[in-house]
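The values are calculated or read from the model by the stated rules, or taken from the named source; none is laboratory data. As the structure is a prediction and not an experimental result, all values here were calculated from the model. For neighbour counting, all protein chains shown are included, and Cβ atoms are generated from backbone atoms with ideal geometry for every residue, glycine included. Keep in mind that these areas ignore ligands, DNA and RNA; they rest on the heavy atoms of the full protein, side chains included. Shrake-Rupley method; radii C 1.70, N 1.55, O 1.52, S 1.80 Å.
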Amino acid sequence: MINTYEDALAFIHGRGKFKKIPTLKRMQRFMDLLGDPQTKIRPIHVAGTNGKGSTVAFLRSLFEQQNLTVGTFTSPFLIKFNERISVNGIPITDNEVTELARKVKPIVDQLDQELPEGGPTEFEIVTAMMFIYFASHPVDVVIVEVGIGGLYDSTNVLTPALSIITTIGYDHMQILGNTLTEIATQKAGIIKPGVPVVVGNIGTEATAAILKVAEQNGAPVSQLGREFNYRNLVETQSGEQFDFINEQTNISQIKTQLIGNYQVDNAVTAIQAFELYQRQQQKPFTVEMVKRGIQVATWPGRFEVIRQKPMVIIDGAHNIPAIEALVSTLKTQFTKEPISILVAVLADKQAEKMMSRLLTVENVELYLTTFNAPKNRQVSSITKLAQSLNSRRVHVVENWQTGLAELIKNQPDKVILVTGSLYFISDVRRWLVK
């Protein structure tokens, strides 16, 4: 029985996260019993190893410049569960979460009895709640972020107006495959017949896999570096500036407050998708709305400066591609200041490789720590990690709150960066801004 918001969260988080055999059949059956709410929306569908959240944030901001109401579905949440289903950046209410959980629970109970493998997973339930919400609370545009992969992701029961694949890299290999071709093929599973797809910075091997799936589906492709691009990139510690170009458009001196040249990849991917969507819907696309939309876009937890003196930054880099992007930003924009990195990594990630990449930044000191990971997840052993790294620039911090407080107190002239896990930076952000 779900009577309260706490009951709703206990019901959702009490479900298993994965099944042994990937399939969409269970989700399709779930949707059928709920009256197929996913057919009542035609969203923009966003997949990719990294960059999904930033691309969604840029897109949302671009649409909001037209005074449109924009619904988003993102994961994971940073502070509160409700963030996953939001309208113009405002999470749905506790009461709405509770009511949505009440609606799906009887169907979940039925499928638990009906299906040999059991009923829906946690993410399938949250996805269903999102579909129900936007079907019954219509908005002008819905942007749906994939959970993991694409082909078998529970969001993939929808038919989008436009698909986006942001980046391809090594992550979730136990689910998606061990090669970039295998991973890209899974991500390309969101491509639907005849539906345009916008592709970001993905590399040669992944491109071949995605273009193959797109051709099989007759889906027009717009790819960064081919149909659209950027130039005149200027990188600073307060953001980036660039020009956007494609066959029809040339927009100069676009600025974003999101830091890192990889954010420019995300921004131009969002601009290309926005332009295609607007032309598809026969709606306006102007230089002014693009420049303003990109400039005001924010995305908490992605190289986010929380405070100054000392500069404290949090970044959700949690896999090799994201760490490499982070390293690139540090090497180009933070070359003079000593950098202290407080980092915690989940045990199912490539922790040693991630830390080795960070140590290639010569002005970095690493502080390995731990935190209370979500259920069924463990944090990498900081003692073993420190031993394997075997560097004088690596330190062990048993309590991250004490360690961060000491770094802030004793290092006013340094840059302090917190990274390694989205779950970890969620705890840190809550602690810093309380």
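In the stretch 118-131, is there at least one residue being in contact with an Asp or Glu (Cβ under 7 Å, 6 or more places away or on another chain), small (Gly, Ala, Ser) and open to solvent by less than 30 Å² (accessible area, probe 1.4 Å)? Walk me through it before giving the result.
Kept after step one, since they are in contact with an Asp or Glu (Cβ under 7 Å, 6 or more places away or on another chain), are these residues of the stretch 118-131: 118-119.
Going one step further and asking which of them are small (Gly, Ala, Ser), we end up with 118-119.
If we keep only those that are open to solvent by less than 30 Å² (accessible area, probe 1.4 Å) as well, we get 118-119.
Yes, the conditions are met somewhere in the stretch 118-131.
Mind counting the residues in the stretch 241-271 that are farther than 19 Å from residue 47 by Cα, acidic (Asp, Glu) and at pLDDT 95 or above?
Result for the stretch 241-271: 1.
Go through the residues of the stretch 237-248 one by one and say whether even a single one is within 30 Å of residue 177 (Cα to Cα), under 22 Å from the mean Cα position of the chain (by Cα) and not in a helix (DSSP H, G or I). Quick ask: steps written out before the conclusion?
Looking only at the stretch 237-248, we keep the residues that are within 30 Å of residue 177 (Cα to Cα), and these are none.
No, the stretch 237-248 has no match at all.
Quickly run through the stretch 49-73 and pick out the residues that are of a type outside the set (Gly, Ala, Ser) and either over 22 Å from residue 278 (Cα atoms) or assigned to a helix (DSSP H, G or I) (or both).
Taking the stretch 49-73 as the starting set, the residues that turn out to be of a type outside the set (Gly, Ala, Ser) are 49-50, 52, 55-56, 58-60, 62-70, 72-73.
Of everything in the stretch 49-73, those that are of a type outside the set (Gly, Ala, Ser) and either over 22 Å from residue 278 (Cα atoms) or assigned to a helix (DSSP H, G or I) (or both) turn out to be 49, 50, 52, 55, 56, 58, 59, 60, 62, 63, 64.
Please verify whether residue 246 is in contact with a strand residue (DSSP E or B) (Cβ under 6 Å, 6 or more places away or on another chain), open to solvent by less than 70 Å² (accessible area, probe 1.4 Å) and on the phi < 0 side of the Ramachandran plot, treating the condition exactly as stated. Yes, satisfied.
Out of the residues in the stretch 173-198 that are under 24 Å from residue 159 (Cβ atoms) and either charged (D, E, K, R) or without any contact (Cβ under 8 Å) to a residue 12 or more places away in the chain (or both), state the one that is surrounded by the fewest Cβ atoms within 10 Å (Cβ to Cβ). Out of the qualifying residues, it is 192. Search the stretch 44-65 for residues that are modelled with pLDDT of 95 or more and pair each with any residue that is surrounded by fewer than 24 Cβ atoms within 10 Å (Cβ to Cβ) and among the basic types (Lys, Arg) when their beta-carbon atoms are under 9 Å apart and the residues are at least 6 apart or on different chains. Sorted first by the residue in the stretch 44-65, then by its partner, the pairs are 45/192; 46/52; 61/292; 62/292. Which residues, counting only those in the stretch 352-383, are within 17 Å of residue 321 (Cα to Cα), open to solvent by less than 40 Å² (accessible area, probe 1.4 Å) and out of contact with any helix residue (DSSP H, G or I) (no Cβ under 6 Å at 6 or more places or on another chain)? Matches in the stretch 352-383: 358, 359.
When we screen 195, 213 for residues that are part of a helix (DSSP H, G or I) and within 28 Å of residue 27 (Cα to Cα), the only hit is 213.
One line per residue, one yes/no per condition, for (1) modelled with pLDDT of 95 or more; (2) under 21 Å from residue 20 (Cα atoms); (3) within 16 Å of the chain's Cα centre (by Cα):
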position: 132; (1), (2), (3): yes, no, no
position: 143; (1), (2), (3): yes, no, yes
position: 149; (1), (2), (3): no, yes, yes
position: 159; (1), (2), (3): yes, no, no
position: 167; (1), (2), (3): no, no, yes
position: 171; (1), (2), (3): no, yes, yes
position: 174; (1), (2), (3): no, yes, no
position: 182; (1), (2), (3): no, yes, no
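Looking only at residues of the stretch 40-95 that are in contact with a helix residue (DSSP H, G or I) (Cβ under 8 Å, 6 or more places away or on another chain) and among the basic types (Lys, Arg), we find that the one that is surrounded by the fewest Cβ atoms within 10 Å (Cβ to Cβ) is 40. Out of everything in the stretch 221-236 that is open to solvent by 40 Å² or more (accessible area, probe 1.4 Å) and of a type in the set (S, T, N, Q), what residue ends up being farthest from the chain's Cα centre (by Cα)? Within the stretch 221-236, the match that is farthest from the chain's Cα centre (by Cα) is 232.
Would you confirm whether or not the stretch 138-149 contains a residue that is surrounded by fewer than 18 Cβ atoms within 10 Å (Cβ to Cβ) and assigned to a helix (DSSP H, G or I)? No: zero hits.
Regarding the stretch 405-426, can at least one residue be identified that is in a loop (DSSP other than H, G, I, E, B), hydrophobic (A, V, I, L, M, F, W, C) and under 21 Å from the mean Cα position of the chain (by Cα)? Spell out how you get there, then give the answer.
So in the stretch 405-426, the residues in a loop (DSSP other than H, G, I, E, B) come out as 411-414, 420-421.
Still in the running and hydrophobic (A, V, I, L, M, F, W, C): none.
No - not one qualifying residue is present in the stretch 405-426.
Exactly one residue out of 154, 222, 136, 163 is touching a residue at least 12 places away in the same chain (Cβ under 8 Å), of a type in the set (S, T, N, Q) and more than 29 Å from residue 92 (Cβ to Cβ), and it is 222.
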